[in-house]
Amino acid sequence: MAVPRGSGAGHSCFRTWGSLLYLCYLDESGTGQTLNPAVPDSVPVMVIGGFTVPENQVQGLVWDFLELKKRFRPELRRLSSLTQMVHHEVKGEALRKNFRREGRNRQRMAHGFLDQLINILERRGCTVMARIWVKQDGARNDESAMYAAAVTTLCATFEHYLAERSSSGIAVLDSRNPHDNTGNVHCVTTRRFGKDEERLPHLPESPVFGHSNTHIGLQIADLLVSAVLAPAAAVAYVADLSGINVHCHPGYRTVRERHCPRIGKLQHRYRSAIGKWVGGVVVSDARGQESAGKLFAPLATTQRDGGPRPRVPEQVSSQELAPAPPASSLAS
């Protein structure tokens, strides 16, 4: 299947401000389930996040990502239709499994994929935003409230980003189920269309919903939150469960050290009316009350036992992504 070139400029029926529309794709990783330190697979963090992209870069972004999928899984080159290529997902969960395995080839392949994915985001003028909830041991969490609060915060960040550019935008969320979908965006709807004040003027509509097997943007958002931000946050803020909890696997330390600095540079951060830095990746740490700065700070050069920290592998070139391991080992 030939890959068309070009920026992919186009026009949108949603444009109401300026000359350019922006899209924001959001997905989640983790749940609000109570964290039980004694349970090896208890989920310590919940992450809702994604990225923005200008509409004139969307087509280029899509074809860059499809080409990356074919390099990662060469068997996809045999597919005859674009529909099949889009439908076949590379899930963040599959990459996490490779980070936990001992084979260096699988780890290098997974890190190389993320290296190239971040290259695409940088090349296409994307910004990254997320809300990360670090759960307290044994505390009950209201997952619906957490998700709704995150969506509200991310839409506020997106609104500020759009206002700076005198542009408009549409947020696309990964669809869950009708009941959850309604609760997740109702707060944004009331803020956007309330009679007293138009608080999100650059968002012409409330967030809409899509499916990852039809939306490339949601596939990329899944990889950002579930292959990078969630595992990196787990080892950064719940380090005491490393080696005990599968979500805090020591192999995720390299994910944080290698990829988070680049993600940090893609954030849209700004000062609020009271001078506080907001936006970008926001961390709500109920466990240790630490800030998002810890996620992007350099790791210590020594381990707890005094030995040297393992060297972070250097960036893998695109050529090293192929040949890929057997498809069965990376099944979505």
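The values are calculated or read from the model by the stated rules, or taken from the named source; none is laboratory data. All of these numbers come straight from a predicted model, not from anything done at the bench. Please note: Cβ atoms are built from the backbone with ideal geometry, for glycine as well, and neighbour counts cover all protein chains shown. Accessible surface areas use protein heavy atoms only, side chains included; no ligands, DNA or RNA. Shrake-Rupley method; radii C 1.70, N 1.55, O 1.52, S 1.80 Å.
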All positions within region 82-116 that are in contact (Cβ under 8 Å) with a residue 60 or more places away in the chain and of a type in the set (S, T, N, Q): ASN98, ASN105, GLN107, GLN116
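Considering each of GLY112, GLY92 in turn, give the residue that is buried (at least 20 other Cβ atoms within 10 Å of the Cβ), over 28 Å from ASN36 (Cβ atoms) and touching an Asp or Glu at 6+ places or on another chain (Cβ under 8 Å). Give the steps one after another, and end with the answer.
Numbers: GLY92 fails: over 28 Å from ASN36 (Cβ atoms).
Result: GLY112 is the single residue among GLY112, GLY92 that is buried (at least 20 other Cβ atoms within 10 Å of the Cβ), over 28 Å from ASN36 (Cβ atoms) and touching an Asp or Glu at 6+ places or on another chain (Cβ under 8 Å).
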Residues located in region 139-161, provided they are among the aromatic types (Phe, Trp, Tyr) and either over 24 Å from THR34 (Cα atoms) or outside any helix (DSSP H, G or I) (or both): PHE158, TYR161
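Are any residues in region 233-262 of a type in the set (A, V, I, L, M, F, W, C) and either touching a Phe, Trp or Tyr at 6+ places or on another chain (Cβ under 7 Å) or more than 14 Å from PRO298 (Cβ to Cβ) (or both), and if so, which ones?
Going residue by residue through region 233-262, those that are of a type in the set (A, V, I, L, M, F, W, C) are 233-236, 238-239, 241, 244, 246, 248, 255, 260.
Matches in region 233-262: ALA233, ALA234, VAL235, VAL238, ALA239, LEU241, ILE244, VAL246, CYS248, VAL255, CYS260.
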Residue count, region 251-283 (criterion: in a strand (DSSP E or B) and crowded, with 18+ Cβ neighbours inside 10 Å): 5
Filtered residues of region 124-142 (kept if within 17 Å of the chain's Cα centre (by Cα), open to solvent by 30 Å² or more (accessible area, probe 1.4 Å) and either of a type in the set (Val, Ile, Thr) or at negative phi (or both)): ARG124, ARG131, TRP133
Count - residues of region 60-89 that are buried (at least 16 other Cβ atoms within 10 Å of the Cβ) and closer than 16 Å to LEU218 by Cα: 13
